[in-house]
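The values are calculated or read from the model by the stated rules, or taken from the named source; none is laboratory data. Model, not experiment: these values are computed from the prediction. Neighbour counts are summed over all protein chains in view; Cβ atoms, including those assigned to glycine, are modelled from backbone coordinates with ideal geometry. Calculation scope for accessible area: heavy atoms of the full protein, side chains included, ligands and nucleic acids excluded. Shrake-Rupley method; radii C 1.70, N 1.55, O 1.52, S 1.80 Å.
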Amino acid sequence: MIDPDAGSAHGPHDSDADPDHDEGVSTLAKQGSITFAGNVVKGVLGFAIVMLMTRFVSPSVYGLFVLATSVILFLQVFANLGLPLAIDYFVPQYLADDERGKAKGVIVQVTATVLVTSSLVAFALAFSAASISELFQEPSMRVALLFLSVTIPMLAIYNVLLTSYYSIKKLQYRVLMRDLVRPIVRFVVTAGLLLAGFGLLGLIGGYVVGLFVAITVGAAVFTYKAWNLLSAEIELVAPGPLVTYSLPLAMTSVVFVLMGHVDYFVLGYFLESDNVGIYRVGYMLGSGLMIIFNSLSPVFKPLIAETRDDIDLVEQRFRIMARWIAAITLPIAIFLSLGASSYLAVLYTPQYAEASTVVILLAGAFLFNVTFGGPDGSLLQGLGYSRIVFANTLVLFGANFLVSLALVPIIGIEGAAVGSATALFLVGGLTLVEIYYLDGIHPFTRDFAKIVGAGVPATIAGVPVVYLFESDTITAGVLPVVVVGTYLLTLIATDAFTDADAQMAAEFSPTLQKWLPGR
């Protein structure tokens with residue numbers, strides 16, 4: 001294993017490297033298209049679940065559920081010690097060296113360890129549920145935490161399965177478990193329980209049952225599809241490298257998850273639970289921009305890890321990923337920001353339009369952050385710089401927490417949004433500086449500039465739509481057509497498509513490749 005914090009010297013970059021000879025581009029596109037389809041389905045079902053919740057329970061009940069699940073998601077990071085993250089770092093390397101026994105050993109050792117540690121954390125939560133509910137002055141939270149404590153070991157195994165799928169680059173099985181089975185079962189069970197009048201218990205029941213069924217299906221499919229790996233004679237690996245790599249990322253995950261939920265904790269402490277519910281809806285809409293990053297990131301990290309010594313190839317893959325994330329995410333950020341209040345009113349109820357500023361702030365911040373490496377530092381993780389990722393996440397959490405703590409008592413939910421946006425912009429900038437300093441890598445090219453520049457006319461075209469139509473429904477429907485249409489026409493006019501784009505498009509669809517001008 002390389003020294004996580006050591007820089008390395010490399011020769012001049014071959015800026016003319018031919019992407020046609022990089023099978024990683026095809027893998028990135030092929031597996032990315034699978035996860036994108038899954039993320040779309042998961043996103044649609046996720047929005048449907050929240051729409052269901054916001055129509056059957058009050059913002060205060062929904063906010064209480066968000067607080068309780070935030071506690072669970074925070075504690076489960078302590079429970080798994082970050083060890084699942086070692087799977088998609090070490091397993092691809094062992095498989096590349098045809099050492100299936102060691103690859104199996106990593107998975108087995110991680111699974112056994114997280115089962116023990118997560119069970120201990122679950123018991124600790126059950127005993128401290130009353131104290132936590134008193135801290136937030138929400139008595140019903142005690143019941144929610146008691147029921148949800150069983151999900152901590154379940155989430156640990158769930159994360160092991162996810163990273164195991166990442167490590168063998170068979171993300172269609174991850175899509176089945178995470179993006180289809182879990183949200184579909186959760187939606188059906190939640191709907192049934194809410195219709196039966198269970199309220200908060202209905203939200204909890206859907207969450208628990210959906211997770212349990214997803215794990216059961218995921219484990220069965222992985223056992224069947226990865227039998228060649230699992231049937232190999234196990235060869236236990238030294239725990240030192242696993243811990244050395246995972247421990248900084250465990251701390252990173254603790255801080256990162258806390259960062260993702262610190263807004264809810266601060267809002268829950270200073271304001272009423274209905275504010276938590278309204279903010280959560282706005283945050284969910286704004287963070288929907290991560291769909292493209294989340295589609296490519298699971299396969300991007302292993303692709304970087306297996307070629308981490310070839311910095312020219314790493315840079316080439318990073319530039320392609322950055323362009324595609326920016327190209328698809330930018331127009332979505334534009335029409336979400338312009339029509340934030342309309343989308344909130346249509347998708348949920350008019351009372352949630354209060355979160356429109358939250359959507360606008362977070363849309364811009366997530367766009368910047370995911371384009372340059374993502375909030376979890378997948379590029380830096382793939383290169384082995386786990387300690388730097390941890391340091392960045394400390395900055396992420398610190399900036400978010402301090403700004404939110406200062407502004408929430410003054411301006412309410414907008415203060416939490418400013419805190420998150422500040423942190424995301426700051427860490428995105430840090431990542432750019434760090435990868436350039438360590439390995440001379442950067443994403444900025446003329447082709448990248450064309451992608452960003454196309455957003456200007458798209459924004460100009462979208463502004464009149466917001467003021468032209470009084471109906472939120474019409475605005476929500478027309479705005480994406482105008483913005484995306486103008487954006488695509490600008491890309492065509494500026495000849496923004498490259499040969500690498502054609503290669504990526506061919507993996508998505510041969511027909512799509514033919515549509516690319518001049519390719």
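Judged by the mean number of other Cβ atoms found within 10 Å, the most tightly packed of the peptides 468-478, 342-352 leads the ranking 342-352, 468-478. The phi-based Karplus calculation (6.51 cos²θ - 1.76 cosθ + 1.60; θ = phi - 60°) puts the 3J(HN,Hα) values of segment 421-428 at 4, 4, 5, 5, 5, 5, 6, x Hz, whole numbers, x for Gly and Pro. Taking amide H atoms as placed 1.01 Å from N in the peptide plane, the amide H of Tyr348 has no partner under 5 Å among residues 5 or more positions away or on other chains. Phi angles across segment 309-325 convert, under the Karplus curve 6.51 cos²θ - 1.76 cosθ + 1.60 with θ = phi - 60°, into 3J(HN,Hα) values of 7, 9, 5, 4, 5, 4, 4, 4, 5, 5, 5, 5, 5, 4, 5, 5, 4 Hz, Gly and Pro given as x. Counting only protein heavy atoms and a probe of 1.4 Å, the accessible surface of segment 441-492 is 72% carbon and sulfur. Can you give me the % of accessible surface on segment 84-194 that is carbon or sulfur? Probe 1.4 Å, all protein chains present, nothing else counted. Carbon and sulfur atoms account for 66 percent of the accessible area of segment 84-194. Over segment 41-108, accessible surface divided per residue gives 32 Å², non-protein components excluded, 1.4 Å probe. Projected onto their three principal axes, the Cα atoms of segment 328-415 cover extents of 46, 35, 16 Å, largest first.
Across segment 87-183, Cα-Cα pairs farther apart than 23 Å form 44% of the total. Residues in segment 366-480 average 40 Å² of solvent-accessible surface per residue, probe 1.4 Å, ligands and nucleic acids excluded.
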